[in-house]
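What follows is a single structure, written as structure tokens, with notes after it.
The values are calculated or read from the model by the stated rules, or taken from the named source; none is laboratory data. Keep in mind the model is a prediction, meaning the values are calculated, not measured. All Cβ positions, glycine included, derive from the backbone under ideal geometry; neighbour counts span all protein chains shown. Just the protein is used for accessible areas: all its heavy atoms, side chains included, with ligands, DNA and RNA removed. Shrake-Rupley method; radii C 1.70, N 1.55, O 1.52, S 1.80 Å.
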Amino acid sequence: MEIKVLGTGCAKCKSLEKVTRKAVDELKLDATVTKVEDIQKIMEYAVMRTPALVIDEKVVLSGQLPKVAELKELISNHS
Amino acid sequence: MSKIKNNIVLVLILIPIWIILYKYLQEISDFIVFRLFQMTPEKHMTETLRFFIYEVPKVLMLLVLIIFVVGIVRTYFSPEKTRKALEGKSLFTGNVMASLLGIVTPFCSCSAIPLFLGFVEAGIPLGVTFSFLIAAPMINEVALILLIGLFGWKVAVIYVLTGLSIAIFAGFILEKLKLTRYVADWVYKTHAKQNLEQEEALSISQRISAGGEVVREIVGKIWIYILLGIAVGAGAHGFVPDEYLAGALGNQNWYSVPLAILVGIPLYSNAAGIIPIVSVLIEKGVTLGTALAFMMSVIGLSLPEIIILKKVLKWQLIGIFVGVVAFGIVIVGLIFNYLVFI
């Protein structure tokens, strides 16, 4: 599974990356988490609110900062 | 299911408590100052403390209530829906709609770039996009609450109407100037690979929790600025003589409005920090137009936002943008100083 956190560097974007890594660890998933900071790359996903979360090239979340539990549910529903 | 019910019941219980508390706030704060602290009326220190003890809970209570309501209203809007609504609208209608939607669409200045790009890519004219970007930060619920709380409804309505006019006309003029060539070249080359799927509809209870979430987030972030702003305001209220500022920034000097705007641009604050200070400016003799111009310039035109926009706009366009908005604010300020007496 490939997870991307889209965000230009605002406080919420950093938190989302942290929360995502935590969720992946707790789920013991074999997934890579990368942060995409380049605005042109971010725009390819058509998100208008950052931070956004992309799982396997699909935008699942934008403009929100979910809690670890919610994120775990979101990620496991996707796999 | 029971959790969902709790949510609504809690709101129904809290609202009457809020109303009663708010109604007797002056009595409660006077009781604390005069009975509990045994302070003598009319002293500088007493007046300062009384102002502080009354204003802080008042503003915080208004803040919680209105942010909660606006938070619920905002669950019905999103940048994606706003973009859809603006697509294909004619110029002036587009400017009006963009400015109005700027008030209710959830917006954070850190998202200004993706939002700008998303609009431009959908073919929304630059001027309409600017209307949105001017209205969104300048007219927001926090500004509104504080204006109502400190100056009353009349000033709050005036602020919204004039702010809207600036957003509409500045956007209109910017479009007429045909400035597309001053947008960074890569902007028009970016193309989205996919579109977002439809959002699912929320239940009332989910919207209530979303409102609660927003209150926690915003109040958690700005309470300290409010406290500081009111503390400065309270100090000036008690210690600075009335009409102290009337000479330099009062009605007589035509240059007071442009001066206030020039001072305001580099200053960066959110509405929460600046309004208590503006309230004191007025109390000490600054005219309403000058004070409003100062406030609009501080929260509507800010250096950090300009720096963020620099990524997508060339400096010529940023210059024109700031110039047009500043000009609009000058006009509003002058109109108030000379025509309106409140």
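Annotations for the structure displayed:
- Sequentially through the range A:10-15, phi angles give Karplus couplings (6.51, -1.76, 1.60; θ = phi - 60°) of 6, 4, 5, 5, 5, 4 Hz, Gly and Pro residues having no value and appearing as x.
- A 1.4 Å probe, protein heavy atoms only, puts the accessible area of B:V11 near 30 Å².
- Built amide H within the under 5 Å cut-off of A:K35, gap 5+: A:V5
- Whichever aspartates and glutamates have a C-alpha closer than 17 Å to that of A:K18, once near sequence neighbours (fewer than 8 apart) are set aside: A:E2, A:E26, A:D30, A:E37, A:E70, A:E73
- Take every Cα pair under 8 Å whose residues are at least 6 apart in sequence, average their separation, divide by the length of chain B, and the relative contact order is 21 percent.
- Relative contact order (%) - criterion: Cα under 8 Å, at least six apart; region: chain A: 40
- Anisotropy class of the range B:10-83 from Cα gyration tensor, a/c 1.5 cut: oblate
- Remark: chain B carries a charge dipole of roughly 660 debye about the Cα centre, counting +1 on each Lys and Arg Cβ and -1 on each Asp and Glu Cβ.
- The alpha carbon gyration tensor of the protein assembly as shown gives principal lengths a ≥ b ≥ c with a/c of 1.5 or higher and a/b no greater than b/c, which makes the shape oblate.
- Here the spin labels are modelled as points 7 Å beyond Cα on the Cα-Cβ line, and at B:I28 and B:Y338 they lie 4.6 nm apart.
- Interface residues of the range B:104-151, defined as a loss of at least 50 Å² in heavy-atom accessible area between the chain alone and the complex of all protein chains with a 1.4 Å probe, are B:C110, B:P114.
- Reach of B:K178 by Cα under 18 Å, taken over aspartates and glutamates that are not fewer than 8 positions away in the same chain: B:E121
- For the protein assembly as shown, share of DSSP beta bridges that run antiparallel, in % to the nearest 5: 65
- Folded to 0 to 90 degrees: helix B:141-151 orientation relative to chain B principal axis, Cα: 30
- Quotient of the Cα radius of gyration of chain B and 2.2 N^0.38 Å, N being its number of residues: 1.08.
- Accessible area per residue in Å² at 1.4 Å probe, computed on the protein assembly as shown: 49
- The packing ranking of peptides B:125-136, B:166-177, highest mean first, is B:125-136, B:166-177, where packing means the average number of other beta carbon atoms within 10 angstrom of each residue.
- Computed over chain B, the per-residue total of -39500 (n - 2.57) for DSSP H runs of n ≥ 4 gives a 222 nm mean residue ellipticity of -23500 deg cm²/dmol, rounded to 500.
- Computed over protein heavy atoms with a 1.4 Å probe, the carbon and sulfur contribution to the accessible area of the range A:2-78 reaches 48%.
- With 20 Å as the limit on Cα-Cα distance, the pairs of A:K4/A:K58; B:K84/B:K311; B:K89/B:K311; A:K14/B:K81 that go past it are B:K84/B:K311; B:K89/B:K311; A:K14/B:K81.
- Report note on the peptides B:206-219, A:57-70: ranked by the mean count of other C-beta atoms within 10 Å, highest first, their order is B:206-219, A:57-70.
- Within the range A:2-78, antiparallel bridges make up roughly 60 percent of the DSSP beta bridges whose residues both belong there.
- Of the peptides B:294-304, B:46-56, the ranking by mean beta-carbon count within 10 Å, highest at the top, reads B:294-304, B:46-56.
- Shielding by other protein chains, A:33-40, mean Cβ within 10 Å: 2
- Partners for B:K58 among lysines (Cα-Cα distance below 16 Å; same-chain residues under 8 apart left out): B:K23
- Computed from backbone phi, the HN-Hα couplings of the range B:125-136 come to x, 4, x, 5, 4, 5, 3, 5, 5, 7, 5, 4 Hz, rounded to whole numbers (Karplus: 6.51 cos²θ - 1.76 cosθ + 1.60, θ = phi - 60°; Gly and Pro given as x).
- Averaged over A:44-57, number of beta-carbon atoms from partner chains that fall within 10 Å: 5
- Accessible surface of chain B, 1.4 Å probe, proportion on carbon and sulfur as whole %: 70
- Amide H contacts of B:V183 (H built 1.01 Å from N, under 5 Å, at least 5 apart or other chain): B:K314
- Taking both sides together, the accessible area buried where B meets A is about 2000 Å² for a 1.4 Å probe.
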